[in-house]
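Q: Would you mind keeping the following structure in view while I ask a few things?
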Amino acid sequence: MSADTTTTQLVVFSLAGEEYALPISHVHEIIRYAEPRSVASSDPSVRGVISLRGKILPVLDLAQRLGLDRAADGVESNIVIVETDAEMAGVICDEVEEVITVESSTLEEAPGSDHVSIDGIAKIDDRLVVLLNPHGIVPGAARRQAETAADEATTEVAVAA
């Protein structure tokens, strides 16, 4: 491995028979599936909320968020707690499989995908693992990231003036 090659650790999980991954730096923890408490939401992928050590977190049906068909949640299901700069949420997956380290050279853009939740594809031997964007799947994270970028741009303009 050359000095120019960077590596990324990914948490790989299955969802609707396919493999997906999140950067380990954005995975707070993985818990067994427990039915979330229902809440009213305009977002149909919000299944409800859970209390994690006193903090109330939304739980998302990731399959629905990505437009996938899948079986009902079962005993083997997990909730991956995803953390962005300002938000945390749980996402339901079928099963967490492994943590892998991949070289940046194995990551490519996902051709044909314009979904905000998808960052790219990791080619690992004969496997294709869809890399998810944590800011695209956690409600409010993408909006907050855009607001922060706009605030920073405004500050830079003010400083330059």
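Q: Taking the full set of protein chains and a 1.4 angstrom probe, give the accessible area of I118 in square angstrom, rounded to the nearest 10.
A: Solvent-accessible area, nearest 10 Å²: 50 Å².
Q: Ignoring ligands, DNA and RNA, how do E76, E98, E19 rank by accessible area with a 1.4 Å probe, largest first? Each step should come with its number before you reach the end.
A: Working: E76 130, E98 65, E19 40 Å².
Highest to lowest solvent-accessible surface, that is E76, E98, E19.
Q: Right, here's the next one. Segment 5-81: which trypsin sites (Lys or Arg not before Pro) are DSSP loop and have at most 15 other beta-carbon atoms within 10 angstrom?
A: On the way: sites: R32, R37, R47, R53, K55, R65, R70; in loops: R53, R70.
In loop regions of segment 5-81 (DSSP not H, G, I, E or B), the sparsely surrounded trypsin sites (Lys or Arg not before Pro) are R53.
Q: Determine ³J(HN,Hα), in whole Hz, for all residues of segment 6-16 in sequence, where each value follows from phi through the Karplus function 6.51 cos²θ - 1.76 cosθ + 1.60 and θ = phi - 60°; x replaces Gly and Pro.
A: Karplus-based 3J(HN,Hα) across segment 6-16 equals 10, 10, 9, 8, 10, 8, 9, 9, 9, 8, 6 Hz.
Q: What length, rounded to one decimal in nm, is gained on full extension from H115 through to D69, with 0.36 nm per residue of separation minus their alpha-carbon distance? Show your work: numbers first, answer last.
A: Numbers: separation 46, 0.36 × 46 = 16.56 nm, distance 1.65 nm.
Length gained, H115 through D69: 14.9 nm.
The values are calculated or read from the model by the stated rules, or taken from the named source; none is laboratory data. Computed from a predicted model, the values in this text were never measured in an experiment. Cβ sites come from the backbone with ideal geometry, for glycine too, and all protein chains shown count toward neighbours. The protein model used for the area step is the full one, side chains on, heavy atoms only, and it has no ligands, DNA or RNA in it. Shrake-Rupley method; radii C 1.70, N 1.55, O 1.52, S 1.80 Å.
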